[in-house]
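*Asks:* Have a look at the structure that comes next, please.
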Amino acid sequence: MKKIILILIYFTCFDIAMSQETILQKKNLAKSYIEAELYEDAIVVYKNILNFQKKILGNENIELVNTLFTLSDLYLLEDKKDSSKIYLNKALKIQYFNFIINQKKYLGTYSKLKSIYVLENDSTKINTLDSLISILETIENDSIYINADTSFIFPEIISNMPNEIDSTSLVSEYTKNDQAIELFNNALSYIDTGLYTEAAASLNSAIELEAGIIDLDYLINTNFGDSLQLKNLYDNFATISESDSIIFRQNLFLGILSKQLNESNLTTINYVKKYVAEYPNDKRGFLFLANLYLEFEDYISAMHYYHRLLLIDENHFDANFNIGEILVKLKDYKNAISILNKAYELDNNHFESKNLLGFCYYNLGEYKKSIYELTQALLLNSKNSETYYYLGKSYKSIDKNKQALEALNMSIKLDPFNGYAHFELGKIYEQILKVNLAIDEYRLAYKYIDSHELNYKYGKILFKEQEFRKALLPLRKFIIFEPDNIEILEILGEIFMYEKRFTESIDTYGRLIEKFPDNEIYHSKIAESFYNLNNFVSAQKYYEKVLSFNEDNTEVLFKLGSISNLLYDYKKSEKYLLEAIYCGFTSKDILFELGIAYGGQQKYLQALICLKEALNYSLDDPILHYQLGIIYNEMEIYDLAIIEFQQYIDKIQDDPISYRLLGDCYANLKQFEQSIINYRKALELYDYEDVKTIYSLGLSYFEISDNINAAKYFKSILKINYDYSKAHHMLVKTYINLGRFREAKKECDILFMLDTSLYNSLEYCKN
C-alpha cells in the first residue's frame with residue numbers, strides 16, 4: 001500500500017513538473033505575441049494556459065487569478081471592456097470561494113475594475129468601488145481566515161458591490177456565464193484530442209446556456225485544426241442541431257464552421273439567416289451575415305443587413321463604417337462621406353474612416369477637403385503609403401507640385417513598389433520639363449503596374465526622346481485596348497520605319513488608310529516600306545496612288561522614275577523623271593536616274609549628257625563614274641570607259657564587277673596583259689566562281705598564245721558547268737595549238753552534242 005501511495009505521489013509531482021514546463025513555453029509564446037501587438041493571438045494562448053491550469057489545479061485554485069488578470073488586461077488592450085470585466089469577475093469569484101481572503105489581491109482586482117469604469121465614464125460604479133477600496137484599506141491584517149459565507153463576515157462589502165460582482169450575481173449570473181465559458185473551453189480541449197461528439201455537445205451546451213457570452217470574433221478567427229477535424233466537428237454539431245429543432249442558437253456556430261470548411265456560400269448564409277430570424281435583436285448575427293455578403297462582394301445584400309443592424313443599434317461602428325466602405329466601392333462618394341463622418345464620430349481614432357473620407361473628396365474633385373482629411377488621417381497613422389499617394393495626387397490637382405512631390409516621395413519611401421506613386425511623380429516631372437527624371441519614374445512604375453495611361457505616357461515620352469526601341473513595348477500594349485487611336489498608330493508607324501521593320505509599318509499604315517483612305521502621307525509611307533522590302537511593284541502602286549492626290553509631287557515622280565528603272569521600264573522612267581524636271585526638280589540623283597533610263601533605251605548621247613551634268617553636283621561620285629564607264633563601254637569608246645571605271649575603282653576597291661568590266665575594255669583594246677590583271681583581281685574578289693570572268697580570262701590567255709593557262713581556265717569552267725559549250729569550243733582550239741589532237745577530237749564530239757552551230761564553225765571538227 002505504501003508503495004502505491006509513493007507511486008501516485010511520484011506521478012502527481014511529475015505531472016506538475018511537466019505542467020509548469022508547458023505553461024512556461026506557452027507564456028513565452030504569448031509574450032512574443034504581445035511584443036508584436038498581436039493581442040488576439042496572445043488571448044488564445046492564455047485561454048489554453050487557463051484550461052491547462054484547470055486540468056492540473058482545479059477550477060477554483062487561487063493560482064488561476066494571475067492568468068485571469070492577464071486575460072482581462074489583454075481584452076482591455078483590444079478595447080473589449082465587457083470581456084475584460086468577465087475575467088475580473090471570475091478572479092473575484094475564485095478569491096471569494098477560497099478560504100483565505102488576501103487584502104492586496106482584492107484591492108488589485110477592484111482597482112482594475114475601477115479603471116474600466118473610468119474608461120466607460122460610469123460615475124456610480126466608480127463611487128461604489130471607491131468605497132469598497134476604502135473599506136478594504138482600513139483592514140489592518142493582510143490575511144483574515146473566514147468561512148465561505150463572505151456575506152456574513154463583510155455584509156457592508158457585499159451590499160455595496162456593483163452588479164457584476166454582487167452576491168446573487170456571483171451565485172447565478174456569473175456562474176451561468178462562467179459555465180458557458182468553461183463549456184466552450186472544454187470543447188476546444190475535446191477538439192484537440194479528437195473527441196468531436198463531446199466537443200459538439202459542449203459547444204451546444206455553451207451556446208444554449210449563454211450564447212451571448214461566447215466571443216464571436218474569437219470563434220470566427222479560431223483555427224479548429226485541419227480540414228478533417230473541422231469536418232468531424234461540423235458533422236457532429238449539425239447532428240445535435242437536427243435532433244432538437246427548437247434550438248436555433250447553434251445555427252450561428254454552424255455558419256461559422258461552414259465558412260471555415262469553405263462550404264458553399266449559400267450554405268453558410270442559410271445557417272446565419274436561420275439564426276437572425278429566431279434572434280432578430282442579436283446584433284452579432286446581422287453583423288456576421290453582413291460581413292459574409294461583404295466578403296462575397298454582394299454589396300447590396302451586405303448593405304441591407306448592415307442597415308438591419310443599425311435599426312437595432314444606430315451607433316454600431318462596424319455597420320456604419322462598412323456601409324461607408326461599400327459606398328466607396330460603388331463609387332457613391334457623396335453618400336459615403338456622410339456615413340463615414342458618422343463612423344469617425346463614433347471612433348475618432350479610426351484611421352481608415354479619415355483615409356476613405358480623403359479618398360472620397362479626391363474623387364469628387366474637392367481637393368482641398370481631400371488634403372484636409374488625408375492630413376488628419378496621417379495624424380492617426382503616418383505609415384500608410386496609400387494615404388501619402390492620394391495626398392500627393394490632391395496637391396498635384398491644385399498645382400502645388402512641391403507638396404505633391406514631397407507626399408509622393410514619402411509614399412514611395414514607405415512602399416518602394418508603389419508603381420502608381422512612381423507614375424504620378426513621372427507626370428509631375430514631365431509637366432515641369434524634367435524629362436530624364438520623368439522617364440526614370442515611368443520606368444519604375446512600368447516594373448510594378450500595368451496601366452493603360454502609363455503605357456501611353458511612357459511610350460510617348462520615349463518616342464519624343466528618340467528611344468524608339470524602348471517605346472515599342474508600352475505603345476504596343478496601349479494599342480491593344482485602343483486599336484483605333486490615330487496618334488499612337490502614327491507614332492508606331494514612324495518607329496517601325498526607323499527600326500526598318502517595314503512589314504509592321506505596312507500593317508500599321510494600312511490600318512490608318514482604312515480610317516483615312518485619301519491620306520497622302522499614309523500611302524507614301526506604305527510605298528516607301530514596300531520599296532525598302534524590294535517589292536517594287538507594290539511600291540509603284542502606292543506611289544501612283546500618292547501621285548493621284550498631287551500630280552506635281554516631284555519627290556514621288558522621282559521615286560516612280562527610280563522604281564521604273566529597277567523594273568527595266570526605261571521609257572516609263574524617262575516620262576516620270578522629265579515630269580519632275582519640268583516641275584522644277586533637278587538634282588544629281590534625278591539626272592543619274594534619267595541617264596540610266598536613256599542608257600536602257602540605248603539613247604547613249606542623252607545618257608552621257610545627263611550623267612556629265614550630274615557630275616557637276618559631285619565630281620568625286622564613284623557611282624556616276626561607274627555609270628559613265630558603262631555608257632562608254634556600250635558606245636565602244638573603251639579608252640574613256642577605262643578612265644571612268646578606274647576612277648570608280650580608286651574609290652571602291654572591292655567591287656569584282658568593275659574589275660571584270662575594266663578587263664573587258666582592255667581586252668577589246670587588245671591589251672590582254674592588262675585584261676588578265678583585272679580578270680584575276682575580279683576572281684579574287686568574287687565570293688563565288690564566276691564563269692563569265694573565268695571564260696574571259698581564258699580568252700585573254702589564248703590571245704597571247706598562253707595555251708596552257710587558257711586550257712586550264714577553260715577546263716575549270718567545265719567543273720562548274722560541264723554543258724558550257726563555249727568552253728568546249730575554245731578547248732578544241734587550244735588543244736589544236738598544243739598539238740593535243742586526240743583531246744581536241746574528243747571536245748569536238750562533245751560540242752556536236754551541245755551546240756551544232758559552234759561545231760560547224762570549226763573546220764577541224766567537220767574533218
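*Asks:* Sort out which residues of the stretch 264-281 are under 12 Å from Tyr293 (Cβ atoms) and in contact with a Leu (Cβ under 9 Å, 6 or more places away or on another chain), and write them in order of number.
*Replies:* Scanning the stretch 264-281 gives Asn265, Thr268, Ile269, Val272, Lys273.
*Asks:* Is it the case that some residue within the stretch 710-718 is among the charged types (D, E, K, R) and in a loop (DSSP other than H, G, I, E, B)?
*Replies:* no
*Asks:* Ok, one more. Go through (1) touching a residue at least 24 places away in the same chain (Cβ under 8 Å); (2) among the aliphatic types (A, V, I, L, M); (3) closer than 25 Å to Leu444 by Cβ and name the single condition Leu378 misses.
*Replies:* Against the list (1) touching a residue at least 24 places away in the same chain (Cβ under 8 Å); (2) among the aliphatic types (A, V, I, L, M); (3) closer than 25 Å to Leu444 by Cβ, Leu378 comes up short only on (1).
*Asks:* Please work out which one of (1) crowded, with 16+ Cβ neighbours inside 10 Å; (2) within 19 Å of Ile717 (Cβ to Cβ) is the condition Tyr686 fails and give its number.
*Replies:* The number of the failed condition is (1).
*Asks:* Within the set of pairs 6+ apart or on separate chains, which have a first residue in the stretch 720-734 that is over 10 Å from Leu699 (Cβ atoms), a second that is hydrophobic (A, V, I, L, M, F, W, C) and not in a helix (DSSP H, G or I), and C-beta atoms under 6 Å apart?
*Replies:* So the pair list comes out as Val732/Leu762.
*Asks:* Right, another one. Among the residues of the stretch 57-71 satisfying the criterion of being touching a residue at least 12 places away in the same chain (Cβ under 8 Å) and part of a helix (DSSP H, G or I), which is nearest to Lys81 (Cα to Cα)?
*Replies:* Leu71
*Asks:* So, in the stretch 21-56, exactly how many residues are within 43 Å of the chain's Cα centre (by Cα) and free of Cβ contacts under 8 Å to residues at least 12 places away in the same chain?
*Replies:* 8
*Asks:* So for the stretch 559-570 (the condition being over 21 Å from Phe530 (Cα atoms) and either outside the structural domain of Glu634 (by TED's automatic domain parsing) or in contact with a Lys or Arg (Cβ under 8 Å, 6 or more places away or on another chain) (or both)), does at least one residue qualify?
*Replies:* So far as the stretch 559-570 goes, no, none of its residues is over 21 Å from Phe530 (Cα atoms) and either outside the structural domain of Glu634 (by TED's automatic domain parsing) or in contact with a Lys or Arg (Cβ under 8 Å, 6 or more places away or on another chain) (or both).
*Asks:* On the basis of being within 28 Å of Asn535 (Cβ to Cβ), of a type outside the set (A, V, I, L, M, F, W, C) and either in a loop (DSSP other than H, G, I, E, B) or in contact with a strand residue (DSSP E or B) (Cβ under 7 Å, 6 or more places away or on another chain) (or both), does Asp450 make the cut?
*Replies:* Considered against the rule, which asks whether it is within 28 Å of Asn535 (Cβ to Cβ), of a type outside the set (A, V, I, L, M, F, W, C) and either in a loop (DSSP other than H, G, I, E, B) or in contact with a strand residue (DSSP E or B) (Cβ under 7 Å, 6 or more places away or on another chain) (or both), Asp450 comes out as no.
*Asks:* A further question on this structure: May I ask you to list the residues in the stretch 644-659 that are surrounded by 16 or more Cβ atoms within 10 Å (Cβ to Cβ) and not polar (S, T, N, Q)?
*Replies:* If the condition is that a residue be surrounded by 16 or more Cβ atoms within 10 Å (Cβ to Cβ) and not polar (S, T, N, Q), then Glu644, Phe645, Tyr648, Ile649, Asp655, Pro656, Tyr659 are the ones that fit.
*Asks:* Would you please list the contacts, defined by Cβ atoms under 6 Å and residues six or more apart or on different chains, that run from a residue in the stretch 307-325 that is closer than 25 Å to Gly358 by Cβ and touching a residue at least 40 places away in the same chain (Cβ under 8 Å) to a residue that is assigned to a helix (DSSP H, G or I) and of a type outside the set (A, V, I, L, M, F, W, C)?
*Replies:* The qualifying pairs do not exist here.
*Asks:* Out of all the residues in the stretch 698-715, which are free of Cβ contacts under 8 Å to residues at least 24 places away in the same chain and not aromatic (Phe, Trp, Tyr)?
*Replies:* Those that are free of Cβ contacts under 8 Å to residues at least 24 places away in the same chain and not aromatic (Phe, Trp, Tyr): Asp706, Asn709, Lys712, Lys715.
*Asks:* I would also like to ask the following. For the stretch 363-419, what are the residues that are under 21 Å from Ser353 (Cβ atoms), part of a loop (DSSP other than H, G, I, E, B) and hydrophobic (A, V, I, L, M, F, W, C)?
*Replies:* Leu364
*Asks:* Got a sec? Which of Asp687, Asp654, Asp650 is assigned to a loop (DSSP other than H, G, I, E, B), farther than 21 Å from Ile720 by Cβ and at pLDDT below 95?
*Replies:* Asp654 is the lone residue from the list that is assigned to a loop (DSSP other than H, G, I, E, B), farther than 21 Å from Ile720 by Cβ and at pLDDT below 95.
*Asks:* For the stretch 722-735, which positions are of a type outside the set (Phe, Trp, Tyr) and touching a Leu at 6+ places or on another chain (Cβ under 9 Å)?
*Replies:* If the condition is that a residue be of a type outside the set (Phe, Trp, Tyr) and touching a Leu at 6+ places or on another chain (Cβ under 9 Å), then Asp723, Ser725, Lys726, Ala727, His728, His729, Met730, Leu731, Val732, Lys733 are the ones that fit.
*Asks:* Looking at this structure, is Asn348 part of a loop (DSSP other than H, G, I, E, B) and of a type outside the set (A, V, I, L, M, F, W, C)?
*Replies:* Here the answer is yes, as Asn348 does meet what is asked.
*Asks:* Out of the residues in the stretch 76-111 meeting the condition of being part of a helix (DSSP H, G or I) and farther than 25 Å from Leu57 by Cα, tell me which one is modelled with the lowest pLDDT.
*Replies:* Here the answer is Ser111.
*Asks:* With surrounded by fewer than 21 Cβ atoms within 10 Å (Cβ to Cβ) and either modelled with pLDDT under 95 or in contact with a helix residue (DSSP H, G or I) (Cβ under 6 Å, 6 or more places away or on another chain) (or both) as the only criterion, which of Leu662, Leu669, Leu624 stands out?
*Replies:* Leu669
*Asks:* Hey, can you tell me all the residues within the stretch 269-305 that are over 21 Å from Ser258 (Cβ atoms) and surrounded by 15 or more Cβ atoms within 10 Å (Cβ to Cβ)?
*Replies:* Passing the criteria: Tyr299, Met303.
*Asks:* Answer yes if at least one residue in the stretch 339-361 is over 26 Å from Asn315 (Cβ atoms) and buried (at least 19 other Cβ atoms within 10 Å of the Cβ), and no otherwise.
*Replies:* The answer is no, given that none of the residues of the stretch 339-361 is over 26 Å from Asn315 (Cβ atoms) and buried (at least 19 other Cβ atoms within 10 Å of the Cβ).
Results for (1) assigned by TED's automatic domain parsing to the domain that holds Glu763; (2) over 28 Å from Tyr598 (Cα atoms); (3) of a type in the set (Phe, Trp, Tyr), shown as yes or no for each residue.
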| site | (1), (2), (3) |
| --- | --- |
| Gln627 | no, no, no |
| Ile630 | no, no, no |
| Ile643 | no, no, no |
| Gln646 | no, no, no |
| Asp650 | no, no, no |
| Ser675 | no, yes, no |
| Asn709 | yes, yes, no |
| Lys712 | yes, yes, no |
| Leu718 | yes, yes, no |
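*Asks:* Of all residues in the stretch 490-507, which are closer than 20 Å to Phe549 by Cβ and either without any contact (Cβ under 8 Å) to a residue 24 or more places away in the chain or in contact with a strand residue (DSSP E or B) (Cβ under 9 Å, 6 or more places away or on another chain) (or both)?
*Replies:* If the condition is that a residue be closer than 20 Å to Phe549 by Cβ and either without any contact (Cβ under 8 Å) to a residue 24 or more places away in the chain or in contact with a strand residue (DSSP E or B) (Cβ under 9 Å, 6 or more places away or on another chain) (or both), then Glu490 is the only one that fits.
*Asks:* Restricting to helices (runs of 4 or more DSSP H) lying wholly in the stretch 728-767: which have 2 or more residues that are buried (at least 17 other Cβ atoms within 10 Å of the Cβ)?
*Replies:* Here the list reads 741-754, 756-760.
The values are calculated or read from the model by the stated rules, or taken from the named source; none is laboratory data. Note that this is a predicted model, so its numbers are computed, not measured. Cβ: placed from backbone, ideal geometry, glycine included. Neighbour counts: every protein chain shown.
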